[in-house]
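The structure appears below as structure tokens.
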Amino acid sequence: MSSHDIYAAAVAGLQLPAEWQVTVALRPRRRTLGMEVAPGGTVTVLIPSQADPDQVIRFVSGHRTWITEKVATAVRLAPDHPVKEFVDGETFDLFGQRYRLRFVDTLPAGVEQLPAVTAERVLYVRRQRPERVRRAIIGLYRQEGLAWARREGRQYELGGRIEHLSYAVRDLGRHRWGTYEGLPKHTTTLHWAVFGLPMPLVEYVLAHEQAHATRPPGRAHGPAWQRRIDSWMPDWRQRKTELAEAGRHAWLGEWKPRS
Ligand SMILES: [Zn+2]
């Protein structure tokens, strides 16, 4: 048996609750045993070289309460992003409103270009291949989002004496809603998917980055940065907490064909 298998067998012998997914990983550079819980709840026992299997057993047994709590939190906070199918009637959130997707082959009355959202809460998109539908909808989020950011960002530029700031809206992956890039770029960038979230959360992401754009001294989220955002948005901590929850359910562009 490899040393990995010996440790795995030792942990399996503990008969931990079946719903826990516990794995072992050899970490030759570690000096002590450790444990980590990934989003979703998988537990990994980190084992340094030469660890005694009995020691591993005692370590894991001694952390039962800790594991219980961590797994519960990890499962509760696991990402749960929707996967769209791009079918008529499917809903899309934009600027705090919910729109129903409707495919069309020609411009509907009163609509000047596609895609478009209307006051009747319809999202019109030209009937085309799903990859193109996806690109068209994300393009709409980016275009509308950029116009919003430029408009709403202005108050912070004035209040924070920010000059010559640029804005961008693009895909920032799965871990960031916004970013401020310092000179020479001097750009506030928001994730297009932010615009699918409730407006108070979109406003928080913008204010957060604009506070960075004032280039306060000290650490990125240090006292000077906090004073700045406190003055702009006294309830930002509450919004940050809500963003962590709402963000788990945001559409990040995933889709699959209807089965
Ligand atoms: Zn930040």
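Read the figures in this text as sums done on the coordinates, not as results from a lab. Remember, predicted model here, so these are calculated numbers, not experimental data. All Cβ positions, even for glycine, are placed from backbone atoms using ideal geometry, and neighbour counts span all protein chains on display.
Using the Cα gyration tensor of segment 1-149, with a ≥ b ≥ c the square roots of its eigenvalues, what is the shape: rounded (a/c below 1.5), prolate (a/b larger than b/c) or oblate (neither)?
prolate
Relative to the present Cα-Cα distance, how much length would full extension add between Gln238 and Val122 at 0.36 nm per residue of separation?
Gain on extension, Gln238 to Val122, equals 38.6 nm.
Taking a ≥ b ≥ c as the square roots of the eigenvalues of the Cα gyration tensor of segment 146-259, is the shape rounded (a/c under 1.5), prolate (a/b larger than b/c) or oblate? Intermediate results must be reported in sequence, preceding the final value.
Numbers: a/c = 2.07, a/b = 1.57, b/c = 1.31.
The shape class here is prolate.
Take the Cβ-Cβ distance between His81 and Gln50 as r, set R0 to 45 Å, and report the resulting FRET efficiency rounded to the nearest 0.05. Show your work: numbers first, answer last.
Working: r = 42 Å, r/R0 = 0.93.
E(calc), rounded to 0.05, equals 0.60.
In what order do Asp5, Asp80, Asp93 fall by count of nearby beta-carbon atoms within 10 Å, going from fewest to most?
Least to most surrounded, the residues fall as Asp80, Asp5, Asp93.
Got a sec to turn the phi values of segment 40-57 into Karplus ³J(HN,Hα) couplings, 6.51 cos²θ - 1.76 cosθ + 1.60 with θ = phi - 60°, whole Hz, x for Gly and Pro?
Once rounded to whole Hz, the list reads x, x, 6, 9, 10, 8, 9, 10, x, 4, 6, 5, 7, x, 5, 5, 4, 4.
For the pair Ala147 and Asp88, what calculated FRET efficiency results from E = 1/(1 + (r/R0)^6), where r is the Cβ-Cβ distance and R0 = 25 Å, to the nearest 0.05?
The pair Asp88/Ala147 has a calculated efficiency of 0.35.
Determine, for the chain, the count of lysine pairs separated by eight or more sequence positions (or lying on different chains) whose alpha-carbon distance falls under 30 Å. Walk me through the numbers on the way to the answer.
Numbers: Lys70/Lys240; Lys84/Lys240; Lys84/Lys256; Lys185/Lys240.
Going through the chain pair by pair, I get 4.
Going by amide H atoms built from the backbone, whose H comes under 5 Å of the H on Lys84, apart from near neighbours?
Amide H to amide H, under 5 Å and 5 or more residues apart or across chains, Lys84 pairs with Glu254, Trp255, Lys256.
What is the local net charge at Val71, summed over the other residues whose Cβ is closer than 12 Å to its Cβ (Lys, Arg +1; Asp, Glu -1)?
Around Val71, the charge tally is 0.
What is the angle, in °, between the Cα long axis of helix 64-76 and the longest principal axis of the Cα atoms in the chain? Nearest 10 is fine, range 0 to 90.
Roughly 20 degrees, rounded to the nearest 10.
If I take every Cα pair under 8 Å that is 6 or more residues apart in the chain, average their sequence separation and divide by the length, what percent do I get for the relative contact order?
Taking the mean separation of contacting Cα pairs over the length of the chain, I get 16 percent.
What residue among Ala246, Ala119, Ala136 shows peak mean-square fluctuation when the chain is described by a Gaussian network model with Cα springs under 10 Å?
Evaluated over the chain, the most mobile residue of the options is Ala119.
Kindly write out, for segment 13-23 in residue order, the coupling ³J(HN,Hα) from the Karplus curve 6.51 cos²θ - 1.76 cosθ + 1.60 (θ = phi - 60°), rounded to whole Hz, with x marking Gly and Pro.
x, 6, 6, 5, x, 4, 6, 7, 9, 10, 10
Please report, in debye to the nearest 20, how large the charge dipole of the chain is about its Cα centre when each Lys and Arg carries +1 at its beta carbon and each Asp and Glu carries -1 there.
Here the chain has a charge dipole of around 500 debye.
Please compute the length gained on full extension between Glu112 and His175, using 0.36 nm multiplied by the number of residues separating them and subtracting their Cα-Cα distance.
Computed gain between Glu112 and His175 is 19.1 nm.
At R0 = 35 Å, how high is the FRET efficiency between Ala9 and Glu131 if r is their beta carbon distance? Nearest 0.05 is fine.
Given R0 = 35 Å and the Cβ-Cβ separation, E is 0.15.
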